[in-house]
Amino acid sequence: MKKNYRIWFLSVIIPAYIIGTSAITGCKKPAAVPATAPVEEEVIYAVTGYKTSVGNLDDYLEFGGDVSSVSAVDVIPDMAGKISSIKVNVGDMVRKDDVIAYVDASRPGMNYKASPVKAPISGRIISFTPMLGATVSQAMAIAKISNTDELEIKMSVPERFISRIHNNQTASIAFDAYPGVVFYAQIHEVSPVLDTSTRTMDVKLRMMENDDRIKVGMFARIHLVTETVKNATVIPAASIITRDGKPYVFVISSDSANASLRSVTVGMTVDNKSEIISGLSEGEVIVVKGQSLLNDGAKINVISMQE
């Protein structure tokens, strides 16, 4: 009987506790949470500015070329035989009709007086091929004489650039042997035809001043200015953005607080510099970094100015 009493007691007390708790909690309503309007934060973009200025913009082409003499002549003996005497060394200066070597045409049973080999022009001996005792003939050149006082540079211009090449253009020349030193040459001969195998046009430049440092056979690095725009508004090409297929720049307001989108007309672009034909004036400040995320009238913070 005692065991049953305990079970009955629990079955009565527990439901009563549950009912009482439900009655107490059920009579209260949850407190209402006041509604708040979302706060929109103002976005300010960090950008880099650039003050526009007026300057010159040069379009150019770069080529490689070889230095050669304006005049170079092969020396050919008058008769076949063996070189019996050599009177010059490579690098020597000779005058026209100077004897540079003798050729002995004698054969067994037939003795001849040595025949002189004369210089056909005045100049410098730049090569002398045969050795003493070597056999030569009228079909081979034994030496080459060049006038090294007048030098020229030969270069080949690809077909796509020939419209920008003409006589009397001036080029700056650099040689690896003299780093930092600039020489000058002028175009004096343009081939009227192209090589059909290479699709290039032969062009010759004449050195404007004689210089003993320049040697025949040197490799020249040619910087040829083909077009110059003077007093142009020039800006970094990276500052120009394209929207709807048209070029624009962002112009910074006088108080550096806003950036406005402005349409521009772009001219020549050289070495990441662009000419602005219209749409900008000298002295205006534009955005050169950070403009890709901007919209017209965007709030900005100019953190630096690019030189």
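Structural remarks
- Single residue of H188, H166 found to be over 14 Å from H223 (Cβ atoms), assigned to a loop (DSSP other than H, G, I, E, B) and over 17 Å from the mean Cα position of the chain (by Cα): H166
- Counted residues, region 205-222 - those being open to solvent by 60 Å² or more (accessible area, probe 1.4 Å), part of a strand (DSSP E or B) and over 13 Å from T148 (Cα atoms): 2
- Out of T233, T269, T200, one residue alone is surrounded by 14 or more Cβ atoms within 10 Å (Cβ to Cβ), touching a Pro at 6+ places or on another chain (Cβ under 7 Å) and not hydrophobic (A, V, I, L, M, F, W, C). It is T200.
- Out of V270, V264, one residue alone is over 30 Å from S156 (Cβ atoms) and in contact with a Leu (Cβ under 8 Å, 6 or more places away or on another chain). It is V264.
- Here is the figure for region 281-307: residues that are in a loop (DSSP other than H, G, I, E, B) and surrounded by 16 or more Cβ atoms within 10 Å (Cβ to Cβ) total 3.
- Residue within region 29-51 that is under 30 Å from R206 (Cβ atoms), modelled with pLDDT of 90 or more and open to solvent by less than 70 Å² (accessible area, probe 1.4 Å) present: no
- Of the residues making up region 230-249, those that are within 12 Å of Y50 (Cβ to Cβ), assigned to a strand (DSSP E or B) and not hydroxyl-bearing (S, T, Y) are V234, I235, P236, V249.
- Members of region 137-157 found to be over 38 Å from the mean Cα position of the chain (by Cα), open to solvent by 10 Å² or more (accessible area, probe 1.4 Å) and among the small types (G, A, S), listed by number: S137, A139, A141
- Among the candidates D97, D74, residue that is in a strand (DSSP E or B) and open to solvent by 40 Å² or more (accessible area, probe 1.4 Å): D74
The values are calculated or read from the model by the stated rules, or taken from the named source; none is laboratory data. Because the structure is a prediction, the values reported are computed rather than measured. All Cβ positions, glycine included, derive from the backbone under ideal geometry; neighbour counts span all protein chains shown. Keep in mind that these areas ignore ligands, DNA and RNA; they rest on the heavy atoms of the full protein, side chains included. Shrake-Rupley method; radii C 1.70, N 1.55, O 1.52, S 1.80 Å.
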